[in-house]
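Nothing in this text is a laboratory measurement; each read-out follows from the coordinates by a stated rule. Because the structure is a prediction, the values reported are computed rather than measured. Reconstructed Cβ throughout: ideal geometry from the backbone, glycine too, with neighbour counts over all protein chains shown.
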Amino acid sequence: MFQNLDLAELILKLPAILFGLAIHEFSHALTATKLGDDTPERQGRLTLNPVAHIDPIGFLMLLVAGFGWAKPVQIDPRAFKKSRRDEILVSIAGPISNILAAVFFVFLLKLMLSVDLSWIQIENFQPYFARMLFYFIIINVVLAVFNMLPIPPLDGSHLISVFIPGRYAGFKEGLLRYGSMIFILIIIAENITQINFFPIAEVTIVITDFLFRIFGIN
């Protein structure tokens, strides 16, 4: 989706990546804090500063492959009043924040396309600004979709692990420890077999097309 981009495209995409990662992880941290766990705040994750949330590999993946991840927000479920419910709320907070952000940027795109910006004396300002907004929309949707995959340390795996009985704690720990390796093996298998195990791009297109139709953007 984002391959073979030139420097201009990279500059347009970078703010969207930084924002998407920051709002995603901040939402995890804020939700956990509101539910009684101060771990994210103590670790400096209760912030919209993207530097606090960047995972180098995940950030690079977003730049070159179109999907990626941030540094996971650590929580202590023992601090929650209702551990299972609150862990679920924390897990879904990130993807929900990205979808809400995408809706907001679709609204901004619709507004921009409806307004005459010819008075702005910057060459090609409107098409470049529209493309930047497009990246804000796409990347936020990608982050929401990608993070719901059931592979550690992504949010989808946390949702599943909540329902794994405590007697399988060793299995859960193993998933967390080797999740990244499993994900890399799946990517290698996709490249070898040409089988799309995770249709991230396809789901992203469906969601963005739906949002564009709602706001009447062709």
- Pair VAL103, ARG84: separation of 7 Å Cα→Cβ label points (nm): 2.8 nm
- In the chain, lysine pairs closer than 29 Å at Cα, eight or more apart or cross-chain: 11
- Query: Any idea what the dipole of the range 7-214 comes to, in debye rounded to 20, about its Cα centre with Lys/Arg Cβ at +1 and Asp/Glu Cβ at -1?
  - Reply: 600 debye
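Assuming R0 = 25 Å, can you tell me the calculated FRET efficiency for the pair GLN126 and GLN74, based on Cβ-Cβ distance, to the nearest 0.05?
0.05
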- Helix 7-34 versus the longest principal axis of the chain: what is the Cα-based angle in degrees, 0 to 90, to the nearest 10? 40 degrees
- Mean Cα-pair separation over length for the range 1-139, i.e. relative contact order, pairs under 8 Å, 6 or more apart, %: 32 percent
- Length gained when the stretch ILE160-GLU190 is fully extended (0.36 nm per residue, less Cα-Cα span): 8.5 nm
- Tilt of helix 83-113 relative to the longest C-alpha principal axis of the chain, in degrees (0 to 90, nearest 10)? 0 degrees
- Task: Starting from the Cα of MET61, step 7 Å along the direction of its Cβ; do the same at PHE210; then give the gap between the two resulting points in nm.
- Result: 2.4 nm
